[in-house]
Amino acid sequence: MAKDQQDRLSFAILQHIQEALSSPQIPDDAKESLSVGYQCLSEGFGLKVDDPQQALRLKVDKSLAEMFDEAYPPLNKEVSKDDEAKAVEIKDKGNELMKQNKYEEAIEKYTEAIELAPNAIFYCNRAAAYSKVSRHHDAVKDSKAALQIDPNYGKAYARMGFAYLSLNQLSEAQTSYEKAISLDPNNKSYQDNLDAVKERIATAPSAGVGAGVPPIPGMAGMDFNQILNNPMFMQMTQQLMSDPSMQARFAQMAESFLGGMGGAGGQGAGQMPDFSAMMNDPALRQVAENMEQQNPDLLNNLRSMFTPPGDGSGTNGEGGSNQNPPPNSS
């Protein structure tokens, strides 16, 4: 941080302490300690809030408290009944957008609802939407925000478990699912996903083909040895690449996949192609249909191999798909 910016921040801190010294919310004995601390900081920084020249040079438009509130909106602010009802309506629109696979638009709606009347469900819903667009760090953040509001919200732990799993942070995923199960012990999907996480931890990639490949967004915990050495996968690759018309398509897919592995790609760069999205290509769909007729087990194995487990929380907290995070919480 540049020296002038450091001085501006230090000046803002001193202003904040000065305001606290005049606040009726702080006891007198605490103010004595704050006053001593203020004097020490003022001398240490070499700044004085009551110096007109320094104030002119360093004062900012907003107080430190105002900047903090904007950066970190309060999670439990008082909300009117009207605002609460409007927020639920907006959240419901977000849920509908999730069903239509319009995840970015759903995120916008959940954000509107949170800004109007934050609650655990809204944060948990947005976490699911973030996971759908591979913004797993944001999903973790929202899951934690939901748990700040409701520490016993099992579904938020499940959302967080899925996000950690997608980030290949298996230990954190295990802890999250274990906490979800402790709060909802009868949820079989939570247990199934915990078992899957434990299995991935126990069968970490070993040396050989595919070893040393870094974790890739959208393929959390995927064992590349299993994929690259799988005879069914090799057979399918040979079948697909024997068709010259498919080579250009796969070259384009490979470019999209590998282009983001350096970390500079845009949204979705470096992602393994979504199996259902691949089937939207008529030529690929025809190949898959032919393969399903000739060897249905091969296609089913490939589909399951490239589909990570979901968070298992479902749409009503009592289970759900084992392949993708559920669209909404309520």
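The values are calculated or read from the model by the stated rules, or taken from the named source; none is laboratory data. Just so we're clear, the structure is a prediction, and the values are computed from it rather than from any experiment. Backbone-built Cβ (ideal geometry, glycine too); neighbour counts: all protein chains shown. Note: areas computed on protein heavy atoms with side chains; ligands, DNA, RNA excluded. Shrake-Rupley method; radii C 1.70, N 1.55, O 1.52, S 1.80 Å.
Counting just the residues of segment 160-179 that are in contact with an Asp or Glu (Cβ under 9 Å, 6 or more places away or on another chain) and among the aliphatic types (A, V, I, L, M), which one comes out nearest to residue 199 (Cα to Cα)?
Across segment 160-179, the extreme among qualifying residues is 165.
For segment 177-202, name all the residues that are surrounded by 19 or more Cβ atoms within 10 Å (Cβ to Cβ) and in contact with a Ser or Thr (Cβ under 8 Å, 6 or more places away or on another chain).
Hits for segment 177-202 are 180, 187, 189, 190.
Those residues that are within 11 Å of the chain's Cα centre (by Cα), open to solvent by less than 20 Å² (accessible area, probe 1.4 Å) and without any contact (Cβ under 8 Å) to a residue 40 or more places away in the chain, I need them from segment 141-159; list them, please.
Hits for segment 141-159 are 142, 143.
In segment 1-38, which residues are among the charged types (D, E, K, R), over 20 Å from residue 55 (Cβ atoms) and open to solvent by 90 Å² or more (accessible area, probe 1.4 Å)?
Across segment 1-38, the qualifying residues are 28, 29, 32.
Under 30 Å from residue 16 (Cβ atoms), modelled with pLDDT of 90 or more and either assigned to a helix (DSSP H, G or I) or open to solvent by 10 Å² or more (accessible area, probe 1.4 Å) (or both), is that true of residue 138?
Yes, satisfied.
Would you please name the residue that is modelled with the lowest pLDDT, looking only at residues in segment 39-64 that are open to solvent by less than 40 Å² (accessible area, probe 1.4 Å) and not polar (S, T, N, Q)? Explain how you work it out, then say what you get.
Taking segment 39-64 and keeping what is open to solvent by less than 40 Å² (accessible area, probe 1.4 Å), we get 42, 47, 49, 54-55, 58, 60, 63.
In the following step, the residues that additionally are not polar (S, T, N, Q) were identified as 47, 49, 55, 58, 60.
On the way: 47: 90, 49: 87, 55: 86, 58: 86, 60: 82.
Looking at residues that are open to solvent by less than 40 Å² (accessible area, probe 1.4 Å) and not polar (S, T, N, Q), I get 60.
Output the number of the condition that residue 160 fails; it satisfies all remaining conditions of (1) at pLDDT 95 or above; (2) not in a helix (DSSP H, G or I).
The one condition residue 160 does not meet is (2).
If residue 79 meets every condition in (1) among the hydrophobic types (A, V, I, L, M, F, W, C); (2) part of a helix (DSSP H, G or I); (3) over 17 Å from the mean Cα position of the chain (by Cα) apart from one, which number is that one?
For residue 79, the failing item is (2).
Only one residue in 93, 77 is open to solvent by 40 Å² or more (accessible area, probe 1.4 Å), at pLDDT 90 or above, of a type in the set (Lys, Arg) and closer than 30 Å to residue 124 by Cα, so which one is that?
Result of the check over 93, 77: 93.
Hey, does segment 88-98 have a residue that's in contact with a Ser or Thr (Cβ under 8 Å, 6 or more places away or on another chain), farther than 30 Å from residue 116 by Cβ and in a helix (DSSP H, G or I)?
No, there is no match, as no residue in segment 88-98 is in contact with a Ser or Thr (Cβ under 8 Å, 6 or more places away or on another chain), farther than 30 Å from residue 116 by Cβ and in a helix (DSSP H, G or I).
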